[in-house]
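The values are calculated or read from the model by the stated rules, or taken from the named source; none is laboratory data. Predicted, not measured: the structure shown is a model, and the values here were computed from it. Cβ: placed from backbone, ideal geometry, glycine included. Neighbour counts: every protein chain shown. Just so you know, the surface numbers come from the protein's heavy atoms only, side chains and all, with ligands and any DNA or RNA stripped out. Shrake-Rupley method; radii C 1.70, N 1.55, O 1.52, S 1.80 Å.
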Amino acid sequence: MLLTANDRWLQIKAQHLHGDVSFAADVDAAIAYFGSFYSEERLVELWTLKLLLAYRTSLYADADLATLSWLGRTEVALNRARLRPNASERFQALMEIAQVVIQRYEASLSLITEVRQAMNSIEDPIERAAAYCSFAMLLFEIGERSESNAILNQVERILESCHGERFNETLEQFVISLALMGQLDKAVALAGQLTNSIHLAGARTAFGCAYADTGELDKARAMFHEAWECSAAIEDILLRHGVRCDLAVARVKYGEPPLSLFSELLEETSRTDIAGIRVGMVSLIASGLAKTKEISRAQAVADHIGKNWFRDQAYEEICQALADVGQMQRAADLAQTIVDIEIQADTFHGLARKSAEHGQLEWAEYYLQQSHKLVHTSGNINPWRRVEALCAVASSRHLRLTEAIAYRLLDQAEAITSGMNKIYGHTRLAYAAVIAASVRVGDVERAKSLTENTAEQGWQDELTRVMAVVLTETGHLHQAELQLDRIRYSNSRAAVLSALAQACVNWDDIDQAQRWLEAAVEAEQISNSFRQILQQSVDEGQLADYGPDLANKVGSARNEIVCALLSLALWWNENGQAERAQQTLDRAMDFVNDPSVFPKGLHLDGPRMVARLARATLRIRGSHEALLQLIDSLKERLYHRPYQKGFDQQWTMLVAALAVTGKLEEAVGVVTIIQDDEFIQTETIIFLSAILYQRGEIQRALAILGHLSMDDFIYALTQWQEPESLIEHRTEKLQTTRLALQAARIAGWERADWRLAIPSA
């Protein structure tokens with residue numbers, strides 16, 4: 001109770017021991033030694049505390065830890081670094097502090113030892129190799145040449161077993177480290193193994209700088225020329241431009257006039273047809289000019305971008321350049337005009353460090369305070385998870401909230417959503433959550449109003465689709481059918497038609513269900529044809545820009561159709577028509593096994609669809625035979641080729657299929673492969689945690705959620721409670737929304753947005 005009742009013990013320990021390390025040890029000990037004796041509620045509280053400590057630690061970026069060290073508060077910085085959630089992050093944070101300590105001529109053997117221990121505890125060999133390169137440079141700087149060379153030799157051994165993109169990234173870092181440590185000839189020879197043009201150009205740019213530093217200007221110019229030639233092979237225009245901007249910055253450093261170099265890049269920018277990419281290229285040029293201290297010219301270029309993310313990125317570089325030349329007030333004023341909160345916070349982190357390095361301690365303290373104000377409200381950068389959690393609580397069947405409280409929660413969720421930055425796709429998710437919850441609690445008018453008022457953002461189809469689907473789930477079939485006239489695109493129509501078909505199955509109106517289902521399949525075929533034509537146009541370069549609602553046009557309703565087919569198959573099976581049940585199940589499997597990619601979009605229902613498929617195959621065939629066939633099909637499709645961007649949803653389906661058939665260890669392992677889309681990976685982890693919980697493994701369920709954000713964690717708890725169990729093993733009613741309320745209470749110790757949002761149970 002001392003740990004979880006209120007925050008007094010946490011705050012007292014932090015005050016007297018310069019950080020949260022001791023309190024974190026208490027929490028870890030409680031989970032490790034007494035976890036099996038605790039109730040579900042107490043375990044959730046303890047894991048929430050772990051996330052709260054991680055959140056408190058995240059208030060200080062690595063640059064802030066360096067700032068604290070410059071300000072003479074190294075022990076505070078070290079305590080915060082030690083709480084980093086994994087070895088790689090802990091190593092990076094300790095390295096930042098160690099570099100400052102060395103620059104201040106206060107080298108500490110114990111600190112170097114601690115950095116080495118963090119480095120050696122990194123499990124991933126590629127991450128460890130990158131850490132070796134950084135640590136070798138640190139040792140080189142303090143005169144430990146023999147040990148730094150020995151560590152780099154270990155990198156060579158790791159590289160022998162690497163391949164693909166990670167090999168290129170690590171080899172580039174390795175050869176640059178060699179060059180900076182004076183082993184230029186060896187570095188140039190090894191760089192010949194690089195196969196990626198981006199890394200080739202980056203390495204040659206670094207070699208050019210190293211040769212220039214040693215006075216070998218002819219070799220430097222040759223390397224810069226080779227870097228430019230390598231960059232020509234980079235297919236992505238924006239990446240190619242970024243590499244060339246970095247090269248221009250390097251060439252300016254060694255005496256070439258900046259305006260001529262960047263004028264050439266501006267001319268290349270003007271020839272680009274795609275407006276969004278052109279803006280990004282202009283932003284890169286402004287950033288490059290800032291790095292060369294052409295500050296006025298850089299700001300003039302950036303000002304032409306307009307208020308968007310690219311301009312903010314350029315302003316961040318300009319602010320750092322202003323700090324470098326001592327114009328602290330001007331840097332502060334410009335930073336305040338940055339719109340994107342995340343970029344603004346990063347800017348203040350960097351300004352705090354720079355001003356501390358230059359001895360401007362009052363400015364360092366000011367910038368540090370500004371960054372913390374922003375990070376403290378970081379739950380509002382993309383707060384859609386808090387919206388979804390509020391909506392889940394509002395519409396929970398088990399909490400039995402009064403109508404007034406449910407509506408108040410929806411009011412809060414709607415207010416948060418209306419204040420979100422509309423450039424983020426997550427804003428659509430938030431609107432969808434509010435609309436769905438509004439229908440579930442009976443406030444259909446709110447749902448209709450929200451779908452109509454967001455029409456100008458190009459989301460009306462998606463949000464109308466959400467409202468119509470939930471209307472069918474709640475028995476309002478006629479109102480759902482009326483929404484079809486408001487939907488423009490075939491994929492959204494197919495989703496609503498599929499939902500209507502499922503609802504008719506529930507009402508035993510099988511003839512109507514089949515009619516709706518065939519209409520859904522026809523609409524999906526039309527949508528699929530459109531996707532193929534659109535993709536061909538993209539491949540042939542015929543589309544200069546993607547309209548605001550392209551995601552709606554190219555989406556798919558395959559998940560919804562599969563779910564409708566499964567509902568129909570189960571109905572046939574329960575009504576004694578086994579053959580028709582088998583045929584319908586086979587038809588559903590044909591959709592599932594379609595090799596085309598499940599497109600990204602508003603509805604990520606792949607895992608839930610797999611869970612429904614598991615139930616259907618178990619009840620109809622008496623085994624998970626069809627699901628095991630799906631696993632084999634996905635493995636053959638995914639395992640026998642390198643990881644490819646855009647296939648994350650198929651990996652997600654594989655995780656779900658493995659989990660619901662009991663192959664939990666393999667499912668947990670596959671999650672780590674999903675790397676292209678953080679949102680999809682998080683959704684998969686949340687689904688997997690629900691499976692683990694329903695199998696009675698709450699400790700493991702909480703452990704795999706342990707690296708998510710506080711918002712994702714609380715939302716995940718609301719998702720453990722399903723109208724129907726995801727697996728057959730656990731069928732009693734779940735009341736996990738109450739667990740979410742306990743988590744929100746502890747989150748409120750540090751996050752006022754949680755304290756004010758969700759009432760106590």
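Some points to look at:
- Scanning residues 5 or more positions from Ser121 or on other chains, none has an amide H under 5 Å from its amide H, with H placed 1.01 Å from N in the peptide plane.
- Taking the C-alpha atoms only, the angle from helix 678-694 to the longest principal axis of the chain is near 50 degrees.
- GluC sites (Glu not before Pro) restricted to DSSP loop in the stretch 192-246 with at most 16 other C-beta within 10 Å: Glu216, Glu235
- Using the Cβ-Cβ distance between Ala5 and Ser121 with R0 = 30 Å, the FRET efficiency computed as 1/(1 + (r/R0)^6) comes to roughly 0.35.
- Computed helical MRE - 222 nm, the chain, DSSP H runs ≥ 4 contributing -39500 (n - 2.57), nearest 500: -23000 deg cm²/dmol
- Just so you know, the averaged projected area of the alpha carbon convex hull for the chain sits at 33.6 nm².
- Carbon and sulfur %, accessible surface of the chain computed with the full protein complex present, 1.4 Å: 50
- For the chain, the per residue solvent-accessible surface stands at 43 Å², with DNA, RNA and ligands left out and a 1.4 Å probe.
- Using the Karplus relation 6.51 cos²θ - 1.76 cosθ + 1.60 with θ = phi - 60°, the per-residue 3J(HN,Hα) values for the stretch 410-417 come to 5, 4, 5, 4, 5, 5, 4, 4 Hz, with x marking Gly and Pro.
- Gyration tensor over the Cα atoms of the stretch 431-483: the corresponding equivalent ellipsoid has semi-axes (square roots of 5 times the eigenvalues, largest first) of 17, 11, 8 Å.
- Cα gyration tensor, the stretch 81-123 - rounded (a/c under 1.5), prolate or oblate: prolate
- Highest to lowest packing among 479-491, 77-89, scored as the average C-beta count within 10 Å: 77-89, 479-491
- Computed with every protein chain present, the accessible area of Leu756 is close to 130 Å² [probe 1.4 Å].
- Restricting the stretch 13-75 to trypsin sites (Lys or Arg not before Pro) in coil, as DSSP defines it, with at most 15 other Cβ within 10 Å: Arg73
- Sequence ranges 148-155, 340-347, 15-22, ranked by mean other-Cβ count within 10 angstrom, highest first: 340-347, 148-155, 15-22
- Sorted from longest to shortest, the spans of the Cα atoms of the stretch 1-116 along the three principal axes equal 51, 26, 21 Å.
- Using the Karplus relation 6.51 cos²θ - 1.76 cosθ + 1.60 with θ = phi - 60°, the per-residue 3J(HN,Hα) values for the stretch 294-301 come to 7, 5, 4, 5, 4, 5, 4, 5 Hz, with x marking Gly and Pro.
- For the stretch 217-232, 3J(HN,Hα) per residue [Karplus equation, 6.51 cos²θ - 1.76 cosθ + 1.60, θ = phi - 60°, Hz, x = Gly/Pro]: 5, 5, 5, 4, 5, 5, 5, 4, 5, 5, 4, 4, 5, 4, 5, 4
- For the stretch 61-112, applying the loop criterion from DSSP together with a ceiling of 10 other beta carbons within 10 Å to the chymotrypsin sites (Phe, Trp or Tyr not before Pro) yields Tyr105.
- Highest mean first, the peptides 318-324, 664-670, 6-12 sorted by other C-beta atoms within 10 Å per residue fall in the order 318-324, 664-670, 6-12.
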